[in-house]
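Asker: Submitted below is the structure of interest, expressed as structure tokens.
The values are calculated or read from the model by the stated rules, or taken from the named source; none is laboratory data. Just so we're clear, the structure is a prediction, and the values are computed from it rather than from any experiment. Cβ placement follows ideal geometry from the backbone for every residue including glycine, while neighbour counts extend to all protein chains displayed. Ligands, DNA and RNA are stripped out before the accessible areas are found, and what is left, the full protein with its side chains, is counted by its heavy atoms. Shrake-Rupley method; radii C 1.70, N 1.55, O 1.52, S 1.80 Å.
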Amino acid sequence: MANQLKIKLVKSLNGRLEKHVATAQSLGLHRIGNETIQPDNPQTRGKIAKIGYLLQVTEVE
């Protein structure tokens, strides 16, 4: 099984750039404290790179 990433939104989306809010929503994150598990692939890594300052990311086996 491929590695997966557990992504948690730790900062508010209020007042952020529209593109950053859209990126968070594409990951399934809508409010502070939301968590999602995503595959560890280049697409997910790119989204994390874009809004990493809002997230807490951990690897899941």
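Asker: Select from the range 33-59 the residues that are among the aliphatic types (A, V, I, L, M) and open to solvent by 40 Å² or more (accessible area, probe 1.4 Å) and write down the one among them that is farthest from Lys6 (Cα to Cα).
Answerer: Per the criteria, the residue is Ala49.
Asker: Follow-up question, since we're still on this one. Can you tell me which residue is surrounded by the most Cβ atoms within 10 Å (Cβ to Cβ) among those in the range 2-17 that are aliphatic (A, V, I, L, M) and in contact (Cβ under 8 Å) with a residue 24 or more places away in the chain?
Answerer: Checking each candidate, the answer is Ile7.
Asker: Let me ask something additional. Check His20, His30 and return the single one that is out of contact with any His (no Cβ under 6 Å at 6 or more places or on another chain), without any contact (Cβ under 8 Å) to a residue 40 or more places away in the chain and open to solvent by 90 Å² or more (accessible area, probe 1.4 Å).
Answerer: His30
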